[in-house]
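Colleague: Here's a structure for you.
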Amino acid sequence: MSATDATVTANTSANVDAKACNPPECCTPECRDNPECCTDAASPPATDTVRETVKARYGQAVQAVIQGATSSCCGASSGPGIGGTDPITRNLYSADQTDGLPGDAVLASFGCGNPTALAELRAGEIVLDLGAGGGIDVLLSAKRVGPTGKAYGLDMTDEMLDLARRNATAAGATNVEFLKGDIEAIPLPDASVDVIISNCVINLSTDKDRVLREACRVLRPGGRFAVSDIVIRRALSEPVKRSMFLWTGCISGALEEHEYRAKLEAAGFTGVEVDPTRIYSRDDTAEMAKAAESDRDVEATLAALDGAVMSAFIRAQKPV
Ligand SMILES: C[S@@+](CC[C@H](N)C(=O)[O-])C[C@H]1O[C@@H](n2cnc3c(N)ncnc32)[C@H](O)[C@@H]1O
């Protein structure tokens, strides 16, 4: 998700002077129909703003789960907030994976893939989940590494951490620990982790280079990076990116594949592989954009986005 959604939530009732809008205020309904507003809308909002809006969004998402609503990572920004599933988040886990997990861990799944199904995890290993959310992938990892291993979940959002800890207790998992912190400054020592997983989080960071350097630092030599994330498959024009930013939550900060590869290599990783797990069609994007009726050229933008965005499983190694 982007700053956009939470900013919209925060500003919906505000009386915004459209011409005075700055990103991310330009994403308010009041502003986005005004052609003179937010000509700089594609430029990224300040890092602190993004962090706070991401926190607010996922804090709300947890409340929705607790109150029994269905949850969504990528719903349209002008919709009713968190509600309904979306083509990115839904049907990620098989029944045999979710059987035995607490219901709230499954409902609070805001990922875009199933990293533990694709990652190699061995008994006794230490796993770290970057942006663990409600803890579903931490609990699945904990089962795989067994009592001699351990699964850490790192998240910055208090409500997510509270839910994840409750889910771990409900699951009776004793080899898990949830840490509060930023994926840009991982609170673990150098070379202390065997496998890094993550599910639809790195695209949210405003400093992906730092996240990847930190991931490499905490992995032991030979350690594995095994992450699900959103990846852009071809260059998109600024207006198309802007619509994507307005319509969706979790894909607006996504990198193009070549950028992701280059950043992983610059951080010190080798053997980078990017495998598509879902490629989003025009109809998928239209579903996510359905509340954004005011966009001036929806059809052209949907055509430009057709097949341009994917969920991918990204692997790499820290050299021995
Ligand atoms: C899209 S949700 C994914 C949650 C979980 N991985 C899942 O699959 O359900 C993003 C999560 O990442 C956390 N997050 C986002 N940016 C973060 C950052 N910079 N540092 C730590 N946590 C972050 C949010 O609080 C939220 O819980």
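The values are calculated or read from the model by the stated rules, or taken from the named source; none is laboratory data. All figures in this text were calculated on a predicted structure; none of them were measured in a lab. Heads up, the Cβs are rebuilt from the backbone with ideal geometry, glycines too, and the neighbour counts pull from every protein chain shown.
Colleague: Among (1) within 14 Å of the ligand (Cβ to nearest atom); (2) buried (at least 20 other Cβ atoms within 10 Å of the Cβ); (3) within 21 Å of the chain's Cα centre (by Cα), where does VAL195 come up short?
Modeller: The number of the failed condition is (1).
Colleague: Quick one: what pairs do we get from the stretch 193-217, first residue closer than 19 Å to ALA254 by Cβ, second near the ligand (Cβ under 8 Å from one of its atoms) and part of a helix (DSSP H, G or I), C-beta under 7 Å, 6+ apart or different chains?
Modeller: Cβ pairs passing all conditions: ILE197/ASP137; ASN199/ASP137; ILE202/VAL211; LEU204/VAL54; SER205/VAL211.
Colleague: Turning to a different aspect of this structure: May I ask you to list the residues in the stretch 171-222 that are at pLDDT 95 or above, out of contact with any Asp or Glu (no Cβ under 6 Å at 6 or more places or on another chain) and assigned to a helix (DSSP H, G or I)?
Modeller: ALA171, LYS208, ASP209, LEU212, ARG213, GLU214, ALA215, CYS216, VAL218 - these are the residues of the stretch 171-222 that are at pLDDT 95 or above, out of contact with any Asp or Glu (no Cβ under 6 Å at 6 or more places or on another chain) and assigned to a helix (DSSP H, G or I).
Colleague: Within the set of pairs 6 or more residues apart or between chains, which connect a residue that is in a helix (DSSP H, G or I) inside the stretch 244-262 to a residue that is within 16 Å of the ligand (Cβ to nearest atom) and at pLDDT 75 or above with Cβ atoms less than 7 Å apart?
Modeller: TRP247/MET288; GLU257/VAL231; TYR260/VAL231; TYR260/ILE314
Colleague: If you take the residues in the stretch 117-135 that are in contact (Cβ under 8 Å) with a residue 60 or more places away in the chain and not in a loop (DSSP other than H, G, I, E, B), which one is farthest from LEU179 (Cα to Cα)?
Modeller: Only one residue fits best here, namely LEU118.
Colleague: Moving to a separate point now. Could you tell me whether the stretch 134-141 includes any residue that is within 9 Å of the ligand (Cβ to nearest atom), aliphatic (A, V, I, L, M), surrounded by 22 or more Cβ atoms within 10 Å (Cβ to Cβ) and more than 19 Å from PRO187 (Cβ to Cβ)?
Modeller: Yes: one or more hits.
Colleague: Which is crowded, with 24+ Cβ neighbours inside 10 Å and either near the ligand (Cβ under 9 Å from one of its atoms) or over 18 Å from ARG261 (Cβ atoms) (or both), of VAL201, VAL218? Step through it out loud before you land on a result.
Modeller: On the way: VAL218 fails: crowded, with 24+ Cβ neighbours inside 10 Å.
Every option except VAL201 fails the conditions.
Colleague: Which ones in the stretch 156-182 are more than 14 Å from the ligand (Cβ to nearest atom), crowded, with 18+ Cβ neighbours inside 10 Å and in contact (Cβ under 8 Å) with a residue 60 or more places away in the chain?
Modeller: ALA171
Colleague: Identify the residue in the stretch 88-116 that is at pLDDT 95 or above and not in a loop (DSSP other than H, G, I, E, B) and, among all such residues, is farthest from VAL54 (Cα to Cα).
Modeller: The extreme case among them is THR116.
Colleague: State which residue pairs qualify: first residue touching a residue at least 12 places away in the same chain (Cβ under 8 Å) and of a type in the set (Gly, Ala, Ser) and inside the stretch 142-154, second residue crowded, with 17+ Cβ neighbours inside 10 Å and in a strand (DSSP E or B) in any location, beta carbons under 6 Å apart, and separation of 6 or more residues or different chains.
Modeller: Hits for this filter: ALA142/ALA151; ALA142/VAL176; ALA151/VAL127; ALA151/VAL176; GLY153/ASP129; GLY153/PHE178.
Colleague: Part of a helix (DSSP H, G or I), surrounded by 19 or more Cβ atoms within 10 Å (Cβ to Cβ) and either away from the ligand (no atom under 16 Å from the Cβ) or aliphatic (A, V, I, L, M) (or both): is that true of VAL240 in this structure? If you could, list the steps in order and put the result at the bottom.
Modeller: Values: part of a helix (DSSP H, G or I): yes; surrounded by 19 or more Cβ atoms within 10 Å (Cβ to Cβ): yes; either away from the ligand (no atom under 16 Å from the Cβ) or aliphatic (A, V, I, L, M) (or both): yes.
The answer is yes for VAL240.
Colleague: Is there a residue in the stretch 116-125 that is within 25 Å of MET310 (Cβ to Cβ), among the small types (Gly, Ala, Ser) and away from the ligand (no atom under 12 Å from the Cβ)?
Modeller: As a first pass, look at the stretch 116-125 and keep what is within 25 Å of MET310 (Cβ to Cβ): 116-121.
Subsequent filtering for residues that are among the small types (Gly, Ala, Ser) retains 117, 119.
Narrowing further to those that are away from the ligand (no atom under 12 Å from the Cβ): 117, 119.
Within the stretch 116-125, one or more residues are within 25 Å of MET310 (Cβ to Cβ), among the small types (Gly, Ala, Ser) and away from the ligand (no atom under 12 Å from the Cβ).
Colleague: Restricted to the stretch 201-244, and to residues that are small (Gly, Ala, Ser) and more than 18 Å from the chain's Cα centre (by Cα), which residue is nearest to THR116 (Cα to Cα)? Don't jump to the end; show me each part of the working.
Modeller: Start the filter on the stretch 201-244 by keeping residues that are small (Gly, Ala, Ser), which leaves 205, 215, 222-223, 226, 228, 235, 237, 243.
Pick out the ones that are also more than 18 Å from the chain's Cα centre (by Cα) and you get 222-223, 235, 237, 243.
Details: GLY222: 18, GLY223: 15, ALA235: 30, SER237: 34, SER243: 32 Å.
Checking each candidate, the answer is GLY223.
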